[in-house]
Structure formats: C-alpha cells, structure tokens
Amino acid sequence: MAGHLLLVIDDDRDTCDAFAEWLQLAGYVVVCADSAATAEVALAGRTPAACILDLKLRMETGIDVLRVLRARHPQLRDTVPIVISGMERSRAERMIEESRMAGIILLAKPIDPNEVSEVIRSVLAARPEPFDSSDPAYAPFDDR
C-alpha cells in the first residue's frame, strides 16, 4: 500500500499533522487541507486514492468539501471517502445518508490508529501502486 496518495481534510491543524505523520510513517504520501481551496493547491493535480475527512468542520462538512472537489475534478470520483466523526453515530449516519454520496466509510472518534490502518489497507488493497513514492516528482507537498 505504500506510495498511495491520501488526502486528509480537517480544520484542526494538530489533527492533520498527527494523521500526516502517522500515515507517512506507514509509507503513504499525505496531503493535508482544511478546505476545498487548500486541497486543490496541495494536491497540485494529483488524485488521492482515499480521503480521510472530519465530518464536522468549522464552516461546512468534510463531505461538502469532497463534493466541491469532485465537482471541479471528476477524477476524484474514485477517491474513497473515510469519514471520521465525534458525533453520535446515528446523527453522523443520517448526515452521510442525506449527502447521497456513495461508498462512505464512517469511523467514530476517538480514533484507533490500528482500525484506521486496517480500513485504509482494505480499501486500497485492490488498487494498483500508483507511483514510486521515492520519485521526486511525487514528493509530499507541504502547504504550510
């Protein structure tokens, strides 16, 4: 699974940094963003295999951000959304259902890194290695 590009969308910088560090140690290329605009800049035309997103952001939902990205960049329709939420599960499930976005995987806070790793491994298992992560052309983009 190493080398897959992952997008983390969270408006809490510490959370994004923690996810990025942990996922990079696992061999993934990680881009962090707090909005559709920052995600577009950080992705720089690349397509993430999966998007780990916080359901509740300050001004919108992570699903809203992914919806905007998919509308602007149709190649992101194959990006697997993994939603992380601290809300009551039934409320989070209702928001996901109302979004009408298919294929969303919901994980509850507090996050167990082993559970997230297993989910990422399982959803990416069928995907081919997209590129050689040691290639400088695919170096992680630090937008900070």
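Please treat every number below as a calculation from the coordinates, not as lab data. Please read these numbers as outputs of a predicted model, since none were measured by experiment.
Averaging 1/r over every pair of different alpha carbons in the range 42-102 and inverting the result gives a Kirkwood radius of 12.1 Å. Phi angles of the range 23-28 translate, via the Karplus equation with coefficients 6.51, -1.76, 1.60 and θ = phi - 60°, into HN-Hα couplings of 6, 5, 4, 7, x, 8 Hz per residue; Gly and Pro are given as x. The largest-to-smallest principal axis extents of the Cα set in the range 1-121 are 34, 33, 24 Å. Computed from backbone phi with θ = phi - 60° and the Karplus coefficients 6.51, -1.76 and 1.60, the 3J(HN,Hα) list for the range 105-117 is 9, 9, 10, 9, 7, x, 7, 9, x, 5, 5, 4, 4 Hz; x is used for glycine and proline. For V8, the amide hydrogen comes within under 5 Å of the amide hydrogens of V31, C32, A33, I52, counting only partners 5 or more places away or on other chains and with H modelled in the peptide plane.
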